Structures are given as C-alpha cells and as structure tokens.
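J.: Let me begin by handing over the structure; questions about it come next.
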Amino acid sequence: MLYLLLALNIILMSVGQIFFKKSSIFIEDHTYLNIVQKYFYNHWFLSGVFVFGIATFVWVKVLSLTKLSTIYPIQSICYVIVAVLAFFVFGEKITFINSLGILIIILGVLLISQGK
C-alpha cells in the first residue's frame with residue numbers, strides 16, 4: 001500500500017507541475033485580465049491547486065507509514081517524470097546534461113530504496 005500511495009503522490013505532483021506550467025502560459029496569453037482574474041479564470045491554475053491538494057492528503061498518509069528520511073528522497077522521481085512530460089507536452093529539450101542528471105536521480109532513488 002505504501003508504494004501505491006507513493007506512486008500516486010508522485011504522479012499527482014508531476015501532473016500538477018504540468019498544470020502550473022500551462023497556467024503560466026494562460027497568464028502570459030491573457031495580459032488584459034487583472035491579477036485576480038488571471039488566477040480565478042485560469043482552469044489550469046485551479047486544476048493544479050486541486051491536484052496538489054489531493055497530493056498533499058496522499059503525502060500525509062505516506063508519511064504516516066514510513067520514515068521521512070527514506071521516503072522524501074524517493075519523491076525526487078517527480079523531477080524525472082516532469083522532465084519527460086515537459087518534453088512531450090511542451091516540446092522542451094532534454095539535453096545530455098539533463099539526461100545525466102536524470103540518471104543520477106534514478107540511481108540515487110534506487111540506492112535509497114535498497115538501503116532499508
């Protein structure tokens with residue numbers, strides 16, 4: 001159950017980041033709106049807040065099941081997922097340095113998850 005909840009949290013956090021990026025594009029495209037309208041008429045922003053809210057509840061449950069010092073570094077897999085999603089959704093490039101960083105994150109997660 002722990003790993004299922006952790007996976008759910010990671011997915012929600014990653015999707016939330018994509019929503020927030022989409023939200024920033026909405027804000028840039030709607031310069032005629034005032035600051036309040038830029039957020040409250042922005043379905044990407046509202047979706048991101050909602051998804052992050054759900055992720056927070058899941059995260060608190062995850063924290064009740066294991067040690068923070070073990071599980072928090074594993075959550076860094078969000079960085080990997082967001083980079084891949086940004087490639088597909090926004091056409092962002094994944095450079096050699098990005099790939100190297102992603103590999104290091106994955107290796108770190110594997111090491112931490114084995115060190116029980």
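We did not get these values from a lab; they are worked out from the coordinates using the rules stated. These numbers come from a predicted model, not from an experiment. Positions of Cβ are backbone-derived with ideal geometry, glycine not excepted, and every protein chain shown enters the neighbour counts.
J.: Of 4, 88, 101, which is farthest along the charge dipole of the chain in the positive direction, counting Lys and Arg as +1 and Asp and Glu as -1 at C-beta?
T.: Towards the positive end, the residue furthest out is 4.
J.: For region 56-116, just say rounded, prolate or oblate: build the C-alpha gyration tensor, square-root its eigenvalues into a ≥ b ≥ c, call rounded for a/c under 1.5, and beyond that prolate if a/b exceeds b/c, oblate if not.
T.: Numbers: a/c = 4.62, a/b = 1.63, b/c = 2.84.
Here region 56-116 falls in the oblate category.
J.: Next question. For Cα pairs less than 8 Å apart in space and 6+ apart in sequence, what is the mean separation divided by the residue count of region 2-114, i.e. the relative contact order in percent? Present the calculation step by step, with values, prior to reporting the outcome.
T.: Working: 91 pairs, mean separation 36.9, N = 113.
Computed over region 2-114, the figure is 33 percent.
J.: Is the shape of the chain rounded, prolate or oblate, going by the alpha carbon gyration tensor and its root eigenvalues a ≥ b ≥ c, with a/c under 1.5 for rounded and a/b larger than b/c for prolate? List each step's numbers first, then the result.
T.: Numbers: a/c = 3.49, a/b = 1.50, b/c = 2.34.
Note, shape of the chain comes out oblate.
J.: Exposure proxy check: 64, 23, 113 ranked by fewest other beta carbons within 10 Å?
T.: Details: 64 9, 23 20, 113 14.
If I rank by nearby Cβ atoms, fewest first, I get 64, 113, 23.
J.: Separate question: Where the only charges are on Cβ atoms (+1 Lys, Arg; -1 Asp, Glu), what is the dipole of region 2-114 about its Cα centre, to the nearest 20 debye?
T.: Details: 6 positive and 3 negative charges, 40 e Å.
Approximately 200 debye in magnitude.
J.: Divide by every residue of the chain the summed helix terms, -39500 (n - 2.57) for each DSSP H run of at least 4, and state the resulting mean residue ellipticity at 222 nm, rounded to the nearest 500 deg cm²/dmol. Write out the running numbers ahead of the final one.
T.: Numbers: 6 runs with 97 residues, N = 116.
So the helix-based figure for the chain works out to -28000 deg cm²/dmol.
J.: Name the most mobile residue of 88, 50, 26, meaning the one with the largest mean-square fluctuation, in a Gaussian network model of the chain with Cα contacts below 10 Å.
T.: Evaluated over the chain, the most mobile residue of the options is 88.
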